[in-house]
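Everything on this sheet refers to the single structure shown next.
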Amino acid sequence: MYKQNAEARIKALADKKDWNILAFETSCDDTSVSIVRNGRQVLSGCISSQIEIHNTFGGVVPEVASRKHIENIGLVLDEAMRQAGMDYGDIDAVASTYGPGLVGALLVGLNAAKSVSLSLGVPFVGVNHMEAHVCANYISSPKLEPPFLCLVVSGGHTQIVAVNSYSDYKILGQTLDDAAGEAFDKISRELGLGYPGGPYIQRAAEGGDPKAIPFPKARIKTNELDFSFSGLKTSVLNYIHNNKDINVNDVAASFQYTAVSDLVSKTMLAAEKYGYKKIALAGGVAANRLLREMLGAQASKRKKELFVPEFEFCTDNASMVACAAYYKLKRGLYDDLSMNANPALEIGEV
């Protein structure tokens, strides 16, 4: 019955001007529900953050995150519907992230989305979380269209992605070990600053000298577009442990400058090598001001156009999930309710 209803609704959407998509995002520690019209117009976007809870532990505790999602998801859904001023009859499709992420957390949003989809008789769409981060740029920059190059930088991923169409993603380079955001978190924790590390490192770096400590960049022999942050992380940790009197601001500034300059240089190298004239940023680390400034300066110097998401769409949010689902639906695609969570899902993977 679900398949028949979904296919009928997909056909009906072809004659409908506005598509309202209800989306859930619970891949990590933020419970988010949004309603987005036609992929780019956000009608509501609600997030319940768990930062204060996980800050106590210095990082996300998966079991705690899953439990809080269960507690919060109904309330966040109600608020999203209220903010949009909609009834459930106005919803044309329901979407949810199904990977990558924490498996227990993913299952909460996934099962909520399936339940709503089944009860409304509308298509369900499973969304790749990393592809959704790329799609956040479509919301912030309505005129952006593929093809373009995207630097995706988060707590779990660091990738240079060729976005050749709304459905064609190819990884050109990626981290071989730690993600950039993960390194920020670990250094911040070691400096006693807080979690998540990005905002704390950025704040501390404002009072420091980015050239004070010459931390090393990794040299990758296999693929010049790949990254490695484990060596940089270890170098910073060794510096902290081997020096009694350290200037926290200088350490933060020097670490941030080294990590960001590596991200920028390889992104620009990829843009030049493959001839992309448009570059986009995505992921939680895309909120870093130094990264935005340095990438913007280099893009301008090389006559490239840079697109960056608004700060609210850098971190995990359901609006980007709805956007990704829209372009999947436009191709007549939807998913079966048997879809399971895939915590190790790669960008471009079906």
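Compute a Gaussian network model of the chain, connecting alpha carbons closer than 10 Å, and tell me which residue from THR222, THR234, THR31 fluctuates the most. Evaluated over the chain, the most mobile residue of the options is THR222.
Near the amide H of THR97, within less than 5 Å, lie the amide hydrogens of PHE24, THR26, VAL127, all on another chain or at least 5 residues away, with H placed in the peptide plane.
Taking Cβ separations below 4.7 Å as the criterion for a possible disulfide partner, the isolated cysteines in the chain are CYS28, CYS46, CYS150, CYS314. For the options LYS233, LYS16, LYS278, a Gaussian network treatment of the chain with springs between C-alpha atoms closer than 10 Å singles out LYS16 as fluctuating the most.
Both the radius of gyration and Dmax for the range 68-128 are 11.7, 32 Å, in that order, over alpha-carbon atoms.
Scan the chain and note any complete DSSP helix (H) whose C-alpha atoms cover at least 30 Å along its axis and whose Kyte-Doolittle average is -0.5 or more.
Numbers: long enough: 62-84 (31 Å, -0.33); 248-274 (39 Å, 0.24).
The answer, listed by residue number, is 62-84, 248-274.
Think of the chain as having a plus end and a minus end, set by charges on the Cβ of Lys, Arg, Asp and Glu; of LEU291, GLY89, CYS28, LEU291 sits farthest toward the positive end of this dipole.
Ranked by how many other Cβ atoms sit within 10 Å of their own Cβ, fewest first, the residues HIS54, HIS133, HIS157, HIS69 fall in the order HIS54, HIS157, HIS69, HIS133. Near the amide H of LEU172, within less than 5 Å, lie the amide hydrogens of ILE160, VAL161, ALA162, all on another chain or at least 5 residues away, with H placed in the peptide plane.
For the peptides 320-332, 209-221, residues were scored by their other Cβ atoms within 10 Å and the scores averaged per peptide; the highest-first order is 320-332, 209-221. Helices in the chain, meaning DSSP H runs of at least 4 residues, each add -39500 (n - 2.57). Divided by all residues, the mean residue ellipticity at 222 nm is -14500 deg cm²/dmol.
Over the range 75-157, what is the relative contact order in whole percent, taking alpha-carbon pairs under 8 Å and six or more residues apart? If you can, show how the numbers build up before the last one.
Values: 65 pairs, mean separation 22.3, N = 83.
Result for the range 75-157 is 27 percent.
Over the chain, Cα pairs under 8 Å with separation of 6+ residues give a relative contact order of 24 percent. The alpha carbon centroids of the range 1-29 and the range 324-344 are separated by 10 Å. Packing order of peptides 307-314, 20-27, highest average first: 20-27, 307-314 (average count of other Cβ atoms within 10 Å over each peptide's residues).
What does the convex hull of the alpha-carbon atoms of the chain project to on average, in nm²? Please report the intermediate quantities before stating the final value.
Values: hull surface 69.3 nm².
With every direction weighted equally, the projected area is 17.3 nm².
Contact order, relative form, for the range 146-311: 26 percent (alpha carbon pairs under 8 Å, 6 or more residues apart, mean separation divided by residue count). In a fully extended conformation the segment linking ALA12 and GLU349 would gain 118.5 nm over its present Cα-Cα distance, using 0.36 nm per residue.
Dividing the alpha-carbon radius of gyration of the range 146-311 by 2.2 N^0.38 Å (N being the number of residues), what value is obtained? Walk me through the numbers before you get to the answer.
Numbers: Rg = 15.6 Å, N = 166, 2.2 N^0.38 = 15.3 Å.
Against the compact-globule rule of thumb, the ratio is 1.01.
For the chain, a crude dipole built from +1 on the beta carbon of Lys and Arg and -1 on the beta carbon of Asp and Glu, taken about the Cα centre, is about 1100 debye to the nearest 20.
We did not get these values from a lab; they are worked out from the coordinates using the rules stated. Predicted model only: the values in this text are computed from it and were never measured. Neighbour counts run over all protein chains shown; Cβ positions are idealised from the backbone, glycine included.
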